[in-house]
Amino acid sequence: MSHSDHGGDAFTGAADEMSAVSVQTVSAADGARVVMVSVSGEIDILTQTPLLQGIDQALDQPGVSAVAVDLSGVSFFSSTGIAALAHAHSRALEQNLSLRVVVPTGSATYRPLELTGMTELLAIYPTRAAAGVADRGEAGGSDPVTGDDDYPHGSEHHLTPAT
């Protein structure tokens, strides 16, 4: 199924083409508490809601010093994804938080961001390591939804679309 083949339900189809968003608390290289929003699949008008929910959930976490949005798993990135990042940037500024966006140079996501000037506005990093954020499995801390301090390393919350 290609991007143009999406029918009425954008969240069905091949696993590599679905939009998936997860939110996880991770440790930054400097010890800061960072909420990571990991995104994979296609981001378009049909799949933007989980991305916006994930960004808002991350920005609403108490005690967070930064939010990182990892787009390295995104295969298609439309203007709605760009609008979601503009929303995240605006909210992060309002809350005096750092916003780190992980986008590999030359990826399907990087080019639209470059063409729209977003690479000049956002703090863009080619990898999680360059963004100073631990990879999955190395993370720990509190649960991003409940605040439980016994949150297991590498655990995530997956957001599902509202029906």
| message | Suppose the filter is more than 12 Å from the chain's Cα centre (by Cα), under 19 Å from residue 22 (Cβ atoms) and modelled with pLDDT under 90; does residue 152 pass it? | response | yes
The lone condition residue 101 fails out of (1) at pLDDT below 95; (2) of a type outside the set (Asp, Glu); (3) part of a strand (DSSP E or B); (4) touching an Asp or Glu at 6+ places or on another chain (Cβ under 9 Å) is (1)
Residues in the range 48-87 that are modelled with pLDDT of 95 or more, more than 10 Å from the chain's Cα centre (by Cα) and under 18 Å from residue 132 (Cβ atoms) total 0
When residue 84 is run through (1) touching a Gly at 6+ places or on another chain (Cβ under 8 Å); (2) touching a residue at least 40 places away in the same chain (Cβ under 8 Å); (3) under 18 Å from residue 116 (Cα atoms), the failure sits at (1)
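The values are calculated or read from the model by the stated rules, or taken from the named source; none is laboratory data. Model, not experiment: these values are computed from the prediction. All Cβ positions, even for glycine, are placed from backbone atoms using ideal geometry, and neighbour counts span all protein chains on display.
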